[in-house]
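Below: the structure, in structure tokens.
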Number of protein chains: 4
Amino acid sequence: MSLTAPLRGVVPPVCTPLDDRGEVDTASLARLVGHLVDGGVHALFALGSTSEVAYLTDDRRATALKTVVTAAAGRVPVLAGVIDTTTPRVLAHARTAAELGADALVATAPFYTRTHPNEIAGHFRRLRADVDLPLFAYDIPVAVHSKLSATLIRELAEDGTLAGLKDSSGDEGGLRRLLVELGGRGGRDRGPAPHFTVLTGSELTVDAALLAGADGVVPGLGNVDPAGYVRLYDAARAGDWTLAAREQERLVELFALVDAGPEQEMGRSSSALGSFKEALRLLGVIDRGATAFPQIPLSAASAASVAERLRGAGLPPVR
Amino acid sequence: MSLTAPLRGVVPPVCTPLDDRGEVDTASLARLVGHLVDGGVHALFALGSTSEVAYLTDDRRATALKTVVTAAAGRVPVLAGVIDTTTPRVLAHARTAAELGADALVATAPFYTRTHPNEIAGHFRRLRADVDLPLFAYDIPVAVHSKLSATLIRELAEDGTLAGLKDSSGDEGGLRRLLVELGGRGGRDRGPAPHFTVLTGSELTVDAALLAGADGVVPGLGNVDPAGYVRLYDAARAGDWTLAAREQERLVELFALVDAGPEQEMGRSSSALGSFKEALRLLGVIDRGATAFPQIPLSAASAASVAERLRGAGLPPVR
Amino acid sequence: MSLTAPLRGVVPPVCTPLDDRGEVDTASLARLVGHLVDGGVHALFALGSTSEVAYLTDDRRATALKTVVTAAAGRVPVLAGVIDTTTPRVLAHARTAAELGADALVATAPFYTRTHPNEIAGHFRRLRADVDLPLFAYDIPVAVHSKLSATLIRELAEDGTLAGLKDSSGDEGGLRRLLVELGGRGGRDRGPAPHFTVLTGSELTVDAALLAGADGVVPGLGNVDPAGYVRLYDAARAGDWTLAAREQERLVELFALVDAGPEQEMGRSSSALGSFKEALRLLGVIDRGATAFPQIPLSAASAASVAERLRGAGLPPVR
Amino acid sequence: MSLTAPLRGVVPPVCTPLDDRGEVDTASLARLVGHLVDGGVHALFALGSTSEVAYLTDDRRATALKTVVTAAAGRVPVLAGVIDTTTPRVLAHARTAAELGADALVATAPFYTRTHPNEIAGHFRRLRADVDLPLFAYDIPVAVHSKLSATLIRELAEDGTLAGLKDSSGDEGGLRRLLVELGGRGGRDRGPAPHFTVLTGSELTVDAALLAGADGVVPGLGNVDPAGYVRLYDAARAGDWTLAAREQERLVELFALVDAGPEQEMGRSSSALGSFKEALRLLGVIDRGATAFPQIPLSAASAASVAERLRGAGLPPVR
């Protein structure tokens, strides 16, 4: 399906279930897509950071994307991450994503290499020119170690290069400034870039982002509790901010499951991704909670703490 | 006056007007205090980062604090920053602040030296033990280059070391987690630390912080438009989040005055502080817009852009 | 040819000349290999950061590596960079490199994702287990944003996982500690890891690294002046430290060509790589000085400054 | 005594022994000065980072400096650190240092506040203009979180603002470029700034710095083993680089005592300073090994590991 403009709502970055050889478990992934669509989400983001895209070979990336597109079956649009170090490598992923039926592309700034705003602008413009799909900029300094400036985003929004922004920078003050500059107060008409979409990746402050005029959210935790994020989104759209905040607070408590893996044993990313997948396993959505190598697996004790958190949030494990 | 517990509301960090020799312009400072109290603010924070505390000799710090306490005249409480590298030096400032009539102290983690959570905990405990005033932790990694962890803050809140937190970390997700952990959802009773105050220093997302359960805000821009922040606070307290967001957006637009000084010529801090002071001069509150040496002064063109921003926000210059 | 153990000497990271469509210019690359081997270098490092590996599609990587292996023709060993985000993707590159005739592999820690020492250890162990080639760890925090600890390097050196380290961390004090711990003073027998190679990527302090017991250097500038680095290495091996320092100083002056591109226009990496390639063009070694997209090309004025630097270092342009 | 120009040699940053109330133990400090001067050092640096200047109240700073000046008794020059956040506060320390008989001042860039090269330049120029003592810039990004650029240092060297640089940046490549630019190759005549002194604070690579043309070193470890650093310096001056490297390697092994305190219990700075002081106590130079509050003291086991290291380096404890 083609993207509505602007894209709005809850757009979870879809976890990639793996089998015991590290291959994509397509049956589990299809069930996960069903779980998300049934939960009411508005679109899906395949091959994002939460999808462990950095750990997937090109073949596995293709399998994962194909599976998500097929399982979504046109009910919601599918955005595809095209994550690689620089333009020539990203272009290769973008062409594959287009062939596999993605409805939009999500690309970061160049990484590994040190880059420059002029180079980042050229990067996004070339991607947009060479592959005919709406393009979202993915601002994620924790991964790529540069920040997309508001000036650059506005320029690329106004000249039509970008269809939107996924802001995982954690800089909520900067996002607020961008939203005010883009959208005008009150009306939120996005001024000179009326169809530009702003999605926040800050899953703990979604009520705040929506109050500030963001169009939606890309919550990793939305894999586990898509219906919760949809309730939060709906409450915000209805102007019931107190209800939105209550739902956000429940999700903040649930989010604590990302601390399941001890810091001395594994990376924060492995702990978070492992806990999301373990939660999905406990909820009966996917078959195995394993993350991709070389991430450290959760211990049995860590997995038990995930189960505890699920119960606390009203999502009792079924196994 | 003694602090109500918990402290709530708008607590601007008071700018320190200077004369042409770099001495504190006490007449201007007293007028500024009047401007703030008349604007409806709930407390004053003297000797904070926005007060240029890092640029003031001990004598000038004393003069500034004395002036604020006298001008406040018990109408609102006065918090005093006690900013220095480590405990022995901070203690000296703390004793002076107590003698000069401060109602509470605001201290950062040690800086210049590399520190450790165990050392930071000892630091705050010693300050609390040795000077009998409520103590606020000031989390400002951009200045001190370490972050106060939620675990540490909770421990020091629950054992009574800290009366509150001023969070200028910019980590809104972390703040949200802390608020949920401290306060419980809905009730916001701060659980085991019922009188603990959480103030945000993120002046562009105050509506969001209040929606999340923060008690108030310490806005540098509140020097220029205290009444605006009070309106925002009142709207939030009344549950009118749409009105709060509109007021916040007006303040976000006004905030753009901090970019008055060109990045190639001066630091971001000098530009922001210079523009706040120039705005206060243009509004007739203080006599000179000068910042402390070695900050670079705003050019005439930069000052003109400040005037323009004031007009745009409905605060026309009077000179 | 197989690697002597330990590898010693000057091991330039080979630039990748490109044609006007961005494809590898194999004729120029073969000439560059000849230029380096004729300059006396002891091995070649293909597909490193200076080779613009982050900008090369998989096909171009294969072409570049094949060309270097063929042109080297067994005269010196060829190390191949296998640079990608995580183990599964790096393994794919490693298998290709083995098929194409590389004599050793050079891999970084995982990047893009946040990682952990336990995960990094697993990463190198898996690479070593799955592909039967000597493995070098590439410590380059400026690119991957984590630092390999001395503890980890020693562990992986002593258990035979690693054949060596390429240290581009810039932490010369840490390198000195590692060398003392590894090698014992004086004898420099590398104690429990007698065949372990330590190469520095700090091309401005090679005399110092050799004095400290490093085995060799991987200098980007060595593309332009391989004979200079070989003279420096030979002087050091002969114990003529004053001569080594003089040669290093000449190379430090030449190195200033990396500043050819203005900081406001392009990234530091583009300026450095563009100037190396422009210098190679001016010296008649390669046909075009172009860097890969989206790097900003050097202006004519910048190129002229490269020519000036070459003349100053006694390397007059031939075009 | 007045400074010879340029200052050359071993200039240890003098530890500040404390009594059980945290006051300066002047008898121990005088003995430490004797230990250093007897060890052959060429000057003393009081009130530096290793002196715990950040932990000393103004009174204690004065006591420490007075004690060092008196004990040095004109045998070697005394440089005084004037460490504080910005110019007005640093000036107050500088005037005191001049009154107390310091021979030169050592100042960092502004810290706590975000600063700018233009502001840093103004800062050093004002210090030089207002207090008539030779001024050294102290480049220590780990403490002040900005780096002094080579461009700035050269400008301030050439216009006479600075008498020298103490480089604790750890950027040895940058230092090499600066030395080449300042001094010309071979001759090392410092070109347009013939009397400019460059001291390295990188105590593990002193042989390298001297080979590169630095004038001397400011080694924290020099408190413990001044004679070792003097031997290293003398070997380098005599052109016996192999001997210099052997001595450096012995000192690198001794330096491992800084890891005495476990990372999970205390900061790296506390561990290093605590181990230097414990070593001085074990060697009979000072009475107590205590560091200033809130640093965590070394445990008995940690202290024992310091004794072990001393023995290994041929410096047997006397208690």
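Listed values, structure above:
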| read-out | value |
| --- | --- |
| Selected residue [closer than 27 Å to residue B:171 by Cα, more than 14 Å from chain B (Cβ to nearest Cβ), open to solvent by less than 20 Å² (accessible area, probe 1.4 Å) and among the hydrophobic types (A, V, I, L, M, F, W, C)] from A:310, A:254, A:221 | A:310 |
| Failed item in (1) farther than 22 Å from residue D:64 by Cβ; (2) surrounded by fewer than 22 Cβ atoms within 10 Å (Cβ to Cβ), with residue D:293 passing the rest | (1) |
| Members of the range A:90-117 found to be open to solvent by 10 Å² or more (accessible area, probe 1.4 Å) and under 19 Å from residue C:270 (Cβ atoms), listed by number | A:91, A:112, A:113, A:114, A:115, A:116, A:117 |
| For residue A:274: the one exception among (1) open to solvent by 30 Å² or more (accessible area, probe 1.4 Å); (2) small (Gly, Ala, Ser); (3) within 14 Å of chain C (Cβ to nearest Cβ) | (1) |
| Qualifying position, being open to solvent by 10 Å² or more (accessible area, probe 1.4 Å), at the interface with chain A (Cβ under 10 Å from one of its Cβ atoms), farther than 21 Å from residue B:137 by Cα and not small (Gly, Ala, Ser), among B:287, B:240, B:207 | B:240 |
| Members of the range D:51-75 that are open to solvent by less than 10 Å² (accessible area, probe 1.4 Å) and more than 14 Å from every other protein chain (Cβ to nearest Cβ) | D:65, D:68, D:72 |
| Any hit, the range D:13-22, residues being more than 14 Å from every other protein chain (Cβ to nearest Cβ), surrounded by fewer than 18 Cβ atoms within 10 Å (Cβ to Cβ), closer than 24 Å to residue D:236 by Cβ and under 18 Å from the mean Cα position of the chain (by Cα) | no |
| Residue within the range D:266-274 that is over 16 Å from residue D:226 (Cα atoms) and free of Cβ contacts under 8 Å to residues at least 24 places away in the same chain present | yes |
| Looking only at the range C:128-172, and only at residues there that are open to solvent by 40 Å² or more (accessible area, probe 1.4 Å) and among the β-branched types (Val, Ile, Thr), the one that is farthest from the chain's Cα centre (by Cα) | C:151 |
| Which numbered condition residue C:228 fails, given (1) assigned to a helix (DSSP H, G or I); (2) within 18 Å of the chain's Cα centre (by Cα); (3) crowded, with 24+ Cβ neighbours inside 10 Å | (3) |
| Pick from the range C:116-138, criterion in a strand (DSSP E or B) and either facing chain A (nearest Cβ under 8 Å) or free of Cβ contacts under 8 Å to residues at least 40 places away in the same chain (or both), ranking: nearest to residue A:295 (Cα to Cα) | C:137 |
| Any hit, the range C:28-43, residues being within 18 Å of residue C:96 (Cα to Cα) and not small (Gly, Ala, Ser) | no |
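The values are calculated or read from the model by the stated rules, or taken from the named source; none is laboratory data. Just so it is clear, the structure is predicted and the values come from calculations on it, not from any experiment. Cβ: placed from backbone, ideal geometry, glycine included. Neighbour counts: every protein chain shown. These accessible areas exclude ligands, DNA and RNA; they are computed on the full protein's heavy atoms, side chains included. Shrake-Rupley method; radii C 1.70, N 1.55, O 1.52, S 1.80 Å.
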